[in-house]
């Protein structure tokens, strides 16, 4: 179970679209078939398999990147300001 959580955390740090952090994502593991030999259930086999499965599911769910909203303040001198009366 710890390996699955580690793989999920890796996906959350570098998302599937542009290696951006993932926010507000729920992953539900429905079924998993592990190899009967313990040597094939190590981190080198489990983490990439789970990570690729989660990334694939996110891409099928049509993951989007939200653009950040930014505020811009523009200051100017009174000398350069246009007159509204002219």
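Derivation of every value follows stated rules applied to the coordinates shown; laboratory data play no part. Just so we're clear, the structure is a prediction, and the values are computed from it rather than from any experiment. Here the Cβ positions follow ideal geometry from the backbone for every residue, glycine too, while neighbour counts run over all protein chains shown.
Test each condition in (1) without any contact (Cβ under 8 Å) to a residue 24 or more places away in the chain; (2) at negative phi; (3) within 12 Å of the chain's Cα centre (by Cα) for residue 58 and report the one that comes out false.
(1)
Those residues that are surrounded by 13 or more Cβ atoms within 10 Å (Cβ to Cβ) and either in contact with a strand residue (DSSP E or B) (Cβ under 6 Å, 6 or more places away or on another chain) or more than 18 Å from residue 1 (Cβ to Cβ) (or both), I need them from segment 21-51; list them, please.
Within segment 21-51, 22, 25 qualify.
Restricting segment 4-20 to residues that are in contact (Cβ under 8 Å) with a residue 12 or more places away in the chain, within 8 Å of the chain's Cα centre (by Cα) and part of a helix (DSSP H, G or I), which is surrounded by the fewest Cβ atoms within 10 Å (Cβ to Cβ)?
12
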